[in-house]
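Notes follow the structure.
Bear in mind that the values in this text are calculations on the coordinates, not laboratory data. Values in this document were obtained by computation on a predicted structure and should not be read as measured data. Neighbour counts run over all protein chains shown; Cβ positions are idealised from the backbone, glycine included.
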Amino acid sequence: MSSLLESEAVQSLLSRLAATPCSEAIDDWPADRLQALNAAGVMKWNLPGQFGGLELDDVTMLDGYRVLSSACLVTTFILTQRNAACQRIVTSQNSDARESLLPELADGRLFATVGISHLTTSGQHLATPAVRAEPSEDGFRLSGVVPWATGAAYADVLVTGGQLTDGRQLLAAIPTDRDGLHVNEPVKLMALSSSQTGSVQLTNVEVRPEEILHGPVPAVMRQATGGGAGSLGTSTLAVGAADGMLRHLRTEMNRRPDLSEFVEPLSKSSAELVDQIHRAALSDHWEGPSPAEVVRRQANSLVLRTAQVWLAATKGAGYVAGHAAERAVRESMFFLVWSCPQPVLSANLRELTCVSHSADC
Ligand SMILES: Cc1cc2nc3c(=O)[nH]c(=O)nc-3n(C[C@H](O)[C@H](O)[C@H](O)COP(=O)(O)OP(=O)(O)OC[C@H]3O[C@@H](n4cnc5c(N)ncnc54)[C@H](O)[C@@H]3O)c2cc1C
């Protein structure tokens, strides 16, 4: 693992995040935990050096997500949504947007989030776009509902997009205090409620030229805008969450050696997946299904199985509301619905229903 992740700053951050479970309350945004990430330099990890970032290589970045999510899934999940917004700004050709936003994002003065699932995974069966874009005098206007945005009430900037009548789409970085942008109340979730996730209503929201990050082009999310649904980052979060559970399971195993029959294979799968994630991050060419999709299917499977093994190992005590194992089971389900492309979901469903002809079944 990179020396940065082994540094005292990161190690003490991890200890702090793991020391107490993050609140699950919908009105308890983990501001102090995000502040701790900022103090440890984590907000700089994914940003270019010229804007004050640390520009970590892909493998270190993924390892960083994994160790963070093994300590606190909620905080790390919020970080990924902020980083997804940053990536769309970093990869933009719009130098005004890059220069005005990235330095303040790097030093934590600005917080951003992303609401782009309506262009990738949400509502793909619907005939009309969730957010319509129409040309205005010198930019565009967006109207509609962004179905999901994490922490939008705390964000200064929302990276989101819309579709024109000719089918082309655009992504923009819009200040959340812009007229017509209304962050709806967050929804109570099965888990991760303190991430304050919910929808955002856009009513004739003006998008200025300096705020347009990508497009208008057909299928803007298929351009190289910075990761996408089911990226390796999402898988590494699942593996990290499983690692966090395995830490607890190993503590239990110290008192109950019979558990090693179950804990050891899961630990081995986790280590193998880390290796696969590293290889996928370094590979440019492949044949057959995308390595990111293959890895995500396995990562989903690992986190779901590990949570259930932990619950079963802790028996009725683990089933009592408030026990860490029951929370882990709820949190593991998140990976079936978050940023999960259809081929990954179908593969997971086949595994769950055992209709696959593969050796996994
Ligand atoms: C906790 C959480 C946080 C999230 N945070 C963010 C975020 O910060 N930013 C972001 O961009 N996204 C975010 N997402 C969105 C996420 O990545 C997925 O896009 C989302 O979970 C997909 O679910 P959906 O209900 O929107 O899917 P949809 O496909 O819209 O499904 C909704 C409903 O439509 C019906 N339906 C689905 N498919 C069909 C079909 N083919 N035919 C007929 N009916 C159908 C079903 O009844 C289904 O329940 C978040 C999601 C969660 C759960």
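Arrange the peptides 171-177, 294-300, 316-322 so that the one whose residues have, on average, the most other Cβ atoms within 10 Å appears first.
294-300, 171-177, 316-322
Among rounded, prolate and oblate, which fits segment 180-311 when a ≥ b ≥ c are the square roots of the eigenvalues of its C-alpha gyration tensor, a/c under 1.5 means rounded, and a/b larger than b/c means prolate?
Oblate is the answer for segment 180-311, as a/c is 1.5 or above yet b/c matches or exceeds a/b.
Amide H to amide H under 5 Å from Gly162: which residues, 5+ apart in sequence or cross-chain, H placed 1.01 Å off N in plane?
Those qualifying (amide H under 5 Å, at least 5 residues apart or on another chain) are Leu170.
Anyone know which of Ala219, Ala328, Ala229 comes out most mobile in the 10 Å Cα GNM of the chain?
Comparing Ala219, Ala328, Ala229 in a Gaussian network model of the chain, the most mobile one is Ala219.
When a/c reaches 1.5 or more, the comparison of a/b and b/c decides; with that in mind, is the chain rounded, prolate or oblate per its Cα gyration tensor?
The shape class here is prolate.
At 222 nm, what helix-only mean residue ellipticity would the chain give, in deg cm²/dmol to the nearest 500, using -39500 (n - 2.57) for each DSSP H run of four or more?
-15500 deg cm²/dmol
Report the net charge of residues surrounding Thr314, where surrounding means a beta-carbon distance below 9 angstrom and charges are Lys +1, Arg +1, Asp -1, Glu -1.
So the surrounding residues net to -1.
How high is the relative contact order of segment 112-222, in percent, counting Cα pairs under 8 Å that sit 6 or more residues apart?
Averaging sequence separation for qualifying contacts and normalising by length gives 31 percent for segment 112-222.
What does the net charge come to around Leu259 if you take all other residues with beta carbon closer than 15 Å to its beta carbon, with K and R at +1 and D and E at -1?
+3
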